[in-house]
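K.L.:
Here's a structure for you.
What follows draws every value from the coordinates through simple rules; no lab data is involved. Since the model is a prediction, treat every value here as computed from it, not as a measurement. Using ideal geometry, Cβ is built from the backbone for each residue, glycine included, and neighbour counts are taken over all protein chains shown.
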Amino acid sequence: MGALITYLNIEHALPYERLSQITHDLLGLTISEGTIANKLTYMQQQVKEVVQAIKQKVIDAVWIGSDETGTMVAGKNPGNGCGNRLLPPIL
């Protein structure tokens, strides 16, 4: 349940009230917004070390990738490749 709640909240930006409604409508479970908040906090703690390790790998990298596709420069879109750099493996 924690993974589903986290996925819907993070990936689809669903607010707590909507998550509570979805779990009730689809799964028949009544979950309060407070329980959802607690579950998200718990899930955040579960990935904390992995997130920190990835962050440190990016900070230590010689090259960091960026994607500026769609960025306008002087009123024009320079297209793909503007600002792209190689990103070394982070794991």
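K.L.:
Order of 28-39, 52-63 by packing, highest average Cβ count within 10 Å first?
P.N.:
On the way: 28-39: 13.7, 52-63: 11.2.
In descending order of packing, they fall as 28-39, 52-63.
K.L.:
Could you give the length gained on full extension between Arg18 and Asp60, defined as 0.36 nm per residue of separation minus the Cα-Cα distance, in nm? Intermediate values should be presented prior to the final figure.
P.N.:
Values: separation 42, 0.36 × 42 = 15.12 nm, distance 3.90 nm.
Result for the pair: 11.2 nm of gain on full extension.
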